[in-house]
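Values in this text are rule-based calculations from the coordinates and carry no lab data. Since the model is a prediction, treat every value here as computed from it, not as a measurement. A quick note on method: Cβ atoms are made from the backbone with ideal geometry, for glycine too, and the neighbour counts reach across all protein chains shown.
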Amino acid sequence: MLAVVVTAASVQDRDGARQLLRHLPGHCKKLRTIWVDGGYSGRLVDWVAQRFRFVLTVVLRPKERRGFVLLPRRWVVEQTFGWLNHSRRLSKDYERLMSSSEAWIYLAMIRLMANRLV
């Protein structure tokens, strides 16, 4: 996990993505592509193209298909959420401060990575 930004529920996904991308550390020089769903399309893609080296690639569901459709690279996000849900503290939002929520997410990922090293 490169960066975490927790926002209020009233913040639009595209606005939250801008906040997140501003917090990306400078050592992400090898980052070239970020896959996003249709909620992030529009002006955000142009904004990223002007300011960063990487590209936002929007993965859309085919319009002619109905029901469940396996989207490319979508499983990576869902798998990460599944790993995070193993932490009891993250199952509900117990924190009052957004910085506390961000810290618990980092701690959950540190625990996950430490367990994989063993």
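Modelled spin labels at A114 and T33, positioned 7 Å past Cα toward Cβ, are 3.5 nm from each other. Region 1-56 and region 68-87 have their alpha-carbon centroids 18 Å apart.
For V55, the residues whose modelled amide H falls within less than 5 Å of its own, excluding neighbours fewer than 5 places apart on the same chain, are T33, I34.
Convex hull volume of the Cα atoms of region 73-118, normalised per residue: 80 Å³. In this Cβ point-charge picture (+1 for Lys and Arg, -1 for Asp and Glu), the chain has a dipole of about 320 debye about its Cα centre. Between V6, L97, L60, the Cα set farthest toward the positive side of the dipole of the chain (charges on each charged residue's Cβ, about the Cα centre) is that of L60.
Taking the Cα centre of region 73-118 as the origin, how large is its charge dipole in debye, to the nearest 20, when only Lys and Arg (+1) and Asp and Glu (-1) carry charge on their Cβ atoms? Can you show the working numbers first?
Values: 8 positive and 4 negative charges, 28 e Å.
It works out to roughly 140 debye.
Helix 13-22 and the long axis of the chain differ in direction by around 70°, with both axes built from C-alpha atoms.
Relative to the Cα centre, what is the charge dipole magnitude of region 1-64, using +1 at the beta carbon of each Lys and Arg, -1 at the beta carbon of each Asp and Glu, and rounding to the nearest 20 debye?
320
Calculated translational diffusion coefficient of the chain (25 °C, 0.890 mPa s; Stokes-Einstein with Kirkwood radius over alpha-carbon pairs) equals 151 µm²/s. The label-point distance for A3 and K63, in a model that sets each label 7 Å from Cα toward Cβ, rounds to 3.3 nm.
Relative to the dominant Cα principal axis of the chain, helix 74-84 is inclined by about 10°. Based on the Cβ-Cβ distance of D46 and S10, what FRET efficiency does E = 1/(1 + (r/R0)^6) give at R0 = 25 Å, to the nearest 0.05? The value I calculate is 0.55. Please list, by residue number, everything in region 11-35 whose backbone N is under 14 Å from a paramagnetic label point 7 Å out along Cα→Cβ of R53. Answer for region 11-35: 25-34.
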